[in-house]
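Working notes, structure below.
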Amino acid sequence: MSPEPTTLLQGTLDLLILKSLVAGQLHGLGISRRVQQITSGTFLVKPGSLFPALHRMEDEGWISSFWGDSENNRRAKYYRLTKTGRKQLEVETERWSRISWAIAQALEAS
Amino acid sequence: MPMLAPIRSFFRNLVASGHVDADLDQEAHAHLDMLTDENLRAGMSAEQAQRAAYIELGGIEQVKEQVREQRLGQWLHSIYSDARFALRQLRKSPGFTCVAILTLALGIGANAALFTVVESVLLRPLPYAHSERLVYVGLKTDKPQFSNTSWVNYRDVREQSHSFQAIGAYAEDVAVLQTKDVTNSVGVIRVTPNVFPMLGIQPLLGRTFTEAEGEPGGPQVVMLSEGVWRDVFKAAPDIVGRSVRIGGVAHSVVGVMPYRMSFPEEAGPDLTKGGVWFPLQPTPEMLKDRGYNFIAIIGQLRPDATVEQAQAELDIVAQRIIHDNPNNTSSNFGLRASPYLKLLTVQARPVLLALLGALALVLLIACANVANLLIARCLGRQQEFAVRAALGASRLRLIRQLLGEGAVLSVLGCGVGFLLAEFALMGIRKLPEGTIPRGNSIAIHWPLLLALGAIAAITTLLSSLLPALLVARSDPQAGLQAGTRSVGAHSVRGHMSGWLVAGEVALSTVLLIGAGLLFRTLWNLERSQLGFGVAQVTTFSAVSADSGGFATMAVSENATNAPASMATLIYAPVLERVRHTPGIESAALSSAPPLSNDDLHSSFEIVGRAKDPANTASSRVTAVSDEYARTMRTPVLRGRMIDADDSADAPAVAVINEVLAKKYFPNENPLQQQLDLGGKDTGMIRPFTIVGVLANQVDSAVGGTPDPMIYLPYQQVPTSSLFYQALVSTMVNFVVRTRADLPVASTMRSVFHEAAPNLALDSFRAMQEVVDDNIFNQRLGLYLTSAFAGLAIVMVMAGLYGVLAQLVSYRRHEIGIRMALGATRQNVAGMVLRQGAMLIGVGLASGIVLALAVGRVLSKFLYDVRPTDLLTYAAVAIGLLVIGSLASLLPAHRAASIEPMQALRED
């Protein structure tokens, strides 16, 4: 499957970013790699979509950011989930399950 | 703090967008570096690693741009969606929306109109070059005012001060302009030639004055106003160079001034319509007499100089003048520098600012009312908010929704208010000329937009922040569980609404007390002693066509062979003709009838009394004809009034007013005392023997204290004296008392046309009109304040009614229980009435305290009534209690008619 983030359904990117942050704080590249990893390389999130999404989600209060040192001692901006973000993850997860179940149903019907 | 995050980001976006960008830039670079590191670890060469990283990133600037776009888009989108949602909500309740918008529009419209006046009059610079540096220099009087000084003093100031880049002088005068067809009196301004360049005014046609034209005995030249050029000369293109007869002398026209040139502004709007400018050519009199106070000084400060510096210099100059001229300068002589615009508006400033203050109160009341309406709506929509909160709307989201509704209401209120302001300004433009200084410059300018923006922001915050915070504080769970009402929350809201209403009552109390005090003032003024009868009396001015104006004042050396007076030759015969005109009961001449603003002050000495150099006696001086007291119906208190026998050859006599008699003859009989009006210096050689005391006449302001006054027989003012031009030969006023309604102006014009064709008549006014105009400002102030107070009362009634009605409907259940337990309907009604009375009482008490505090501000507008006038306070208190009871009656009645069984079954 071609890794094309723009074909992601509205909200899916948010869901993936939130999910990637459940285990702990990550910087932008870390999030990108983590999404790649947990989707078995299906989705490659490019910086051009990643950063606007991160900033939007920060504005919504789902994630918060701070400057820290990366594993090889570079200054990097880290993101982590807020309480609202965890709630949002539940909402998005529930919504996505519903959608995927519905799509699966639709595809199974003949 | 999740709730603070969006607020923080909002400020980050708006306030610190530079900082955000730097942060983003750093983040993108860090990302790029980490990608490069990753590629290096994967075994790429340094160059390849960087290249691959760039490809994956897609360009730092592009990434940044995408983030920025997203951010702006979201911001705009959220504003748009908030506004759209608010509009949809408001459309659902058109009644509420209309009331709220109208309430705000009234408050905003009135404020916008008055702001426009304040901006145009007080703040907008005059249309002259560096007008903020224009400074008027006049005599130091007890308060800043236009007060002329003399040419000699002007010369000293010009030569001894260094704060001014340019300094010039001017003098107001009158003259008659004669052409083949017209004989018009025109306003004349004599200016030193440097005044026009200083003001930076270019003539419409021709040129301004040259230095040579300002020399003593210089050429007779004139500049016309655009009004005179168009009206009298039909805009003749060849006007420059033509000869025009003004004041009996041919003047060569050198230029025409455009309409916008109306210097000096204090001369009023007539100047642009019918004024001319002469170069100020100092006469021998001006050059030698330091007491010849006809000169106004205008200076332009150097860019680095301040008014204070100029004042310090003037103080030194004044000290030097006193020191050098001990004999003819009073020791309390002083000069004052005042910013020109400030001096021009010195009267209007406190009035306008006080009105603006009153209007701010009205706007506050309007905001409180809208806040109450919104709170009431929130109570009704509690469930809606609870559901929205339960479905995940953040508190901020709810607050934004309410603020959005408030903002939409405010913006619409501003729009409607702007239209109302336009109407109000149309009314203001219809006010009589001269009511407001610079009245013709009042127009809407861009600062109003800023002001409206600020007003909209403030009204939004004031009216919707409180309800928004209440909604945000409330617990959605309680809201959902309690069905239609949550007991805990609504009592908080009930209190809040109550406080708002009490606040409204307090502010209205202040407005009502202000209106009450002004009403008492006007009442007192209209019944104050004028010292003359107004009914059936008309005044008009007459300017002699051949008079050279006040500026030609001079003492003639040859006093023995002085020519005969115009008073004897022209005025006396024409007065005789006037008196024999059918319908005229009596007629007289006066150089300055009451409230005419024509004024001549002079120092005098009482013959046989030692001279006190520190405290020279001074008085207004007026020339009057016989029958003056009879025509004005002013009683003669002692002795006799000037009569027809006081001719030029008869013994010189004078009549004084009561103020002068009390001030200078406190314990003696003034009759037969003699007054010396300057002797050789002024040409008043003969002393005047006091033969009577006339009751005081109001002089410059109704309700004011009149100045001392000396009345001289008009035929006895020597033609060789300085006083002749000032009192007799230039401009005089006639007062006529008619028997029935008579077209005075046309009758008089035809009489004068036959008997004295050389006199140009002007300014026909009924005495009643003169008096009304004089107290117009108080009247206008009363009307405006009453209108504001009326507005406030209506809002208070609506607010009180609303709060009580709300309270009753939310306490139905409780009231039902009370009645089931034995409370009577009277008890219940009494409970609601008490609640209303408490709100009114608290508001009234704090309002009275507030009014006592601000009353001092008002005291300078009051006449014969103290700012703490008990009657006014009592009337306002009783009035508000009555109004409050009226507003509480309906809710009380509704509460009393609740059926307990029905109310209990409802939930």
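Brief remarks on what is shown
- Each Lys and Arg adds +1 at its Cβ and each Asp and Glu adds -1 at its Cβ; summed about the Cα centre, chain B shows a dipole of about 3260 debye.
- The alpha carbon gyration tensor of the stretch B:547-757 gives principal lengths a ≥ b ≥ c with a/c of 1.5 or higher and a/b no greater than b/c, which makes the shape oblate.
- Label-zone membership for the stretch B:808-840, site residue B:901, 7 angstrom Cα→C-beta point, backbone N under 14 Å: B:820
- Label-point gap, in nm, between residue B:85 and residue B:416 - each point 7 angstrom along Cα→Cβ: 2.5
- Over the stretch B:141-333, relative contact order from alpha-carbon pairs under 8 Å, at least 6 apart, %: 34
- Length added when fully stretched, residue B:864-residue B:668, from 0.36 nm per residue minus Cα-Cα: 67.5 nm
- Ranked list, fewest to most other Cβ atoms within 10 Å of each Cβ, for B:75, A:62: B:75, A:62
- Förster-model FRET efficiency, 30 Å R0, residue B:249 and residue B:740, C-beta, rounded to 0.05: 0.10
- Linear extension gain, residue B:235 paired with residue B:92, 0.36 nm per residue minus alpha-carbon span: 45.3 nm
- Two-site label geometry, residue B:826 and residue B:856: point separation in nm, points 7 Å out along Cα→Cβ: 4.9
- In terms of its C-alpha gyration tensor, the stretch B:52-178 has an oblate overall shape, because the principal axis ratio a/c (a ≥ b ≥ c, square roots of the eigenvalues) is not below 1.5 and a/b does not outweigh b/c.
- Taking a Cβ cut-off of under 12 Å around residue B:192, the surrounding Lys, Arg, Asp and Glu residues balance to a net charge of 0, with basic ones at +1 and acidic ones at -1.
- Environment charge of residue B:591, counting only residues whose C-beta is closer than 12 Å and scoring Lys/Arg +1, Asp/Glu -1: -1
- The C-alpha atoms of chain B define a longest principal axis, and helix B:487-526 lies at about 10 degrees to it.
- Calculated mean residue ellipticity at 222 nm for chain A: -18000 deg cm²/dmol, from DSSP H runs with n ≥ 4 weighted as -39500 (n - 2.57), summed, divided by the residue count and rounded to 500.
- Contact order normalised by residue count of chain B, Cα under 8 Å, 6+ apart, percent: 15
- Among beta bridges from DSSP that stay inside the protein assembly as shown, the antiparallel ones total about 80%.
- Legend: calculated FRET efficiency, residue B:129 to residue B:181, from the Cβ-Cβ distance at R0 = 51 Å, rounded to 0.05, equals 0.85.
- Net charge dipole size for the stretch B:346-431 [Lys, Arg +1 and Asp, Glu -1 on Cβ; Debye, nearest 20]: 120
- Angstrom value of the Kirkwood radius, inverse mean 1/r, which spans all Cα pairs in the protein assembly as shown: 35.8
- Of B:98, B:367, B:414, the sequence from fewest to most neighbouring Cβ atoms within 10 angstrom is B:98, B:414, B:367.
- Mean Cα-pair separation over length for the stretch A:5-108, i.e. relative contact order, pairs under 8 Å, 6 or more apart, %: 28
- Once the Cα-Cα distance is subtracted from the 0.36 nm per residue extended length, the residue B:307 to residue B:47 segment shows a gain of 86.6 nm.
- The calculated FRET efficiency for residue B:577 paired with residue B:142, based on their beta-carbon distance and R0 = 51 Å, is about 0.70.
- Rounded tilt (10° steps) of B:151-160 against the dominant C-alpha axis of chain B: 60
- Under 11 Å, Cβ to Cβ, from residue B:831 - net charge with Lys/Arg +1 and Asp/Glu -1: +3
- Cα gyration tensor shape for the stretch B:141-333, rounded if a/c is under 1.5, else prolate or oblate: prolate
- DSSP beta bridges in the stretch B:141-333 [antiparallel fraction, %, rounded to 5]: 70
- Helix B:60-92 vs. chain B, principal-axis angle (Cα, 0 to 90°, nearest 10): 80
- Projected label distance in nm at residue B:817 and residue B:534, using a 7 Å step from Cα toward the beta-carbon: 6.6
- With the helix formula -39500 (n - 2.57) applied to DSSP H stretches of n ≥ 4, chain B reaches a computed 222 nm mean residue ellipticity of -17000 deg cm²/dmol.
- For the options A:39, A:82, A:93, a Gaussian network treatment of chain A with springs between C-alpha atoms closer than 10 Å singles out A:39 as fluctuating the most.
Each reported figure results from applying straightforward, stated rules to the coordinates on display, with no laboratory input. Predicted model, so just to flag it, every value in this text is computed and none were measured. For neighbour counting, all protein chains shown are included, and Cβ atoms are generated from backbone atoms with ideal geometry for every residue, glycine included.
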